[in-house]
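Some notes on the structure that comes next.
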Amino acid sequence: MVESLKRGDEVITSGGIIGVVDRVMEDDRIEVIIGESTKVQIIRSTITSLLKKEEVKKQYQLKKQDGEKIALIVKYSLVS
């Protein structure tokens, strides 16, 4: 799983950080976006899970009840 990481993959690190792969470097590092303007470099072996994009997209739900506020519920499916 870790060997096939590419730009755009959503990952979870062993420290519990969720981010999107921005760049895979030649050495053992990966640049991950973890915020609107925040990128960090992490060691490839600290990636513990890959979030499936299609599963994440399928599980977005909008809930609205008779003019009340809309709540967005997101459920992640993990691939290990």
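A few remarks follow.
- For Ser4, the criteria (1) of a type in the set (Gly, Ala, Ser); (2) modelled with pLDDT under 90; (3) touching a Ser or Thr at 6+ places or on another chain (Cβ under 8 Å) hold in every case but one, which is (3).
- Residue selected from region 28-49 under the condition open to solvent by 60 Å² or more (accessible area, probe 1.4 Å) and not in a strand (DSSP E or B), by the criterion nearest to Ile18 (Cα to Cα): Glu36
- Scanning region 2-17 for residues that are in contact with a strand residue (DSSP E or B) (Cβ under 7 Å, 6 or more places away or on another chain) and open to solvent by less than 70 Å² (accessible area, probe 1.4 Å) turns up Val2, Leu5, Gly8, Asp9, Glu10, Val11, Ile12, Thr13.
- Candidate set from region 50-64 (those that are in a helix (DSSP H, G or I) and open to solvent by 70 Å² or more (accessible area, probe 1.4 Å)); member that is modelled with the highest pLDDT: Lys53
The values are calculated or read from the model by the stated rules, or taken from the named source; none is laboratory data. All values derive from a computational prediction rather than experimental measurement. Here Cβ is always computed from backbone atoms with ideal geometry, including for glycine, and neighbour counts include all displayed protein chains. To get the accessible areas, we keep the full protein, side chains included, count just its heavy atoms, and leave off ligands, DNA and RNA. Shrake-Rupley method; radii C 1.70, N 1.55, O 1.52, S 1.80 Å.
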